[in-house]
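Throughout, read-outs are computed from the coordinates displayed, never taken from laboratory work. Keep in mind that what you see is a predicted model, and the values were worked out from it rather than measured. Heads up, the Cβs are rebuilt from the backbone with ideal geometry, glycines too, and the neighbour counts pull from every protein chain shown.
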Ligand code: BTN
């Protein structure tokens, strides 16, 4: 996939902030006050309270990485299809990193991994209108030029650590937006099956036997793919079982 696109909506409007608590929270505040145009991007040089998945925080040195949010209106999706948007965004990020000739995989549900290290994370927050998605805030954090991380983070890596050179953040954000837009358009055309297939191909640990933790219990299973609800299928003792959440890699 490439990002060539004459119809860019993502990033056409860009709000650039020096410092903010969280670009996702800022986007939510904008949505509460007005209706930003679709594709509005909110970029921060520094987040004082960057948020990650599962209530965790997202740490990023000021001016060294990309931290931004995109406002989308995927009203063509039902709430129960939100996982397809998640998959499309993950693939957009993966397509982007691969355009730099860096290999990555997607650790279910939405982490971007270079071998066993985390390069980027995504926090998607959706608003609903009845059974449909009303808006979606796509928060993207990617480690770019930072090379020292808190020892509390288990396995971070940055583009600079992989490629051995610095990257220009503004260009990177533009390019990421282009790749995410290409996948978003693919989803809008109804190609969720192709997206699911590409996501499965990119799945970290596919076909491998891994340990997982769920409700303080250890599980061992072979990562076997995804079902149509976006759940992770693990084959445990020869039986495929789908997991929607609350399951963590060990
Ligand atoms: C994760 O891996 O846990 C998700 C991390 C998402 C971080 C991004 S940075 C931009 C946006 N604003 C936030 O507060 N979080 C997301």
Seminar exercise, completed: Quick note on 107, 33, 189, 94, ordering by fewest other C-beta atoms within 10 Å, gives 33, 189, 107, 94
Problem set entry | Cα shape, the stretch 31-178, gyration tensor, a/c 1.5 rule | prolate
Problem set entry | Alpha-carbon centroid distance for the pair the stretch 173-240 / the stretch 11-63, whole angstrom | 26
Exercise. What is the extension gain from residue 215 to residue 134, computed as 0.36 nm multiplied by their sequence separation minus the C-alpha to C-alpha distance, in nm to one decimal?
Worked result: 26.0 nm
Seminar exercise, completed: GNM on the chain, Cα springs under 10 Å; top mean-square fluctuation among 179, 68, 54 goes to 54
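Would the stretch 99-243 count as rounded, prolate or oblate if I go by the C-alpha gyration tensor, calling it rounded below 1.5 in a/c and otherwise prolate when a/b exceeds b/c, oblate otherwise?
oblate
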For this session: Would you compute, for the Cα atoms of the chain, the largest minus smallest coordinate along each principal axis and list the three values in descending order, in whole Å?
Result: 51, 44, 34
Seminar exercise, completed: Per the rule of 0.36 nm per residue minus the C-alpha distance, extending residue 222 to residue 78 adds in nm 48.8 nm
For this session: Kindly identify the stretch 1-113 as rounded, prolate or oblate by the Cα gyration tensor criterion: order the square roots of the eigenvalues as a ≥ b ≥ c, call it rounded if a/c is under 1.5, otherwise compare a/b with b/c, prolate if a/b is larger, else oblate.
Result: rounded
For this session: Specify the residue with the greatest mean-square fluctuation among 166, 152, 181, computed from a Gaussian network of the chain linking alpha-carbon atoms under 10 Å apart.
Result: 152
For this session: Just rank 216, 111, 175, fewest to most, by other beta-carbon atoms within 10 angstrom.
Result: 216, 175, 111
Problem set entry | Segment residue 243-residue 193, extension gain: residue separation times 0.36 nm, minus the distance between their alpha carbons | 16.1 nm
